[in-house]
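J.: Before I ask anything, let me first share the structure, which is written out below as structure tokens.
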Amino acid sequence: MKFKSFLIVLMAAAMVAICSSTAFAQQGGENKMPEPEELASKQFKALKSRMESYKQPLTPAQEFYVDSILLAHYTGVRSSFEDLHKSGMNSEGIYLKSSELWQEKTRAAMQKFLSEQQYIIFLRSIGKGREYKRGKDGKFYLKSELKGKKE
């Protein structure tokens, strides 16, 4: 099974959970929405593992930043979704726009301290960096650059 965009899936799950909070309340809280800490921890572990599998491990400082950014951003997403829900917004488009805003903030924050190769791995892990492909040397390159090298 291909590794799908973990961030998008978790955001969608959070959106569904918040939008249907009435159903959760009626069930007595049996299906509790995951906490931002849980989501950030899962995403961090998956990303760390992926980086190691591509032989691009995170330094301890990078681990701290990744974990901190993911936690702050998942908390922000949850807060945004709760605010939208409290204000009576139930349009899927508004939740998706909010989610996209937080995804962009996450990408911008990650780009500041990850190496170029690590950032590409991060992008691919969230389903974004499709314009990159691994070369024979194991590094990622723009697909257009790889075509140019073959000629």
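Each value in this text was obtained by applying a stated rule to the coordinates, not by laboratory testing. The model shown is predicted, which means the values in this text are computed figures rather than measured ones. No Cβ is skipped: glycine too gets one built from the backbone with ideal geometry, and neighbour counts run over all protein chains shown.
J.: Starting with the highest mean, order 117-127, 38-48 by the number of other Cβ atoms within 10 Å, averaged over the residues of each peptide. Please list the in-between numbers first.
T.: Values: 117-127: 19.9, 38-48: 17.6.
Taking the mean over residues of other Cβ atoms within 10 Å, the ranking is 117-127, 38-48.
J.: Then there is this: Quick check on segment 45-151: take the gyration tensor over C-alpha atoms, sort the square-rooted eigenvalues as a ≥ b ≥ c, and tell me if it's rounded (a/c under 1.5), prolate or oblate.
T.: Values: a/c = 3.46, a/b = 1.75, b/c = 1.98.
It is oblate, given that a/c is not under 1.5 and a/b is not larger than b/c.
J.: Tell me which residues come under 5 Å, amide H to amide H, from residue 89 once H is placed; ignore anything under 5 positions away on its chain.
T.: Here the answer is none, since no amide H 5 or more places off falls under 5 Å of that of residue 89.
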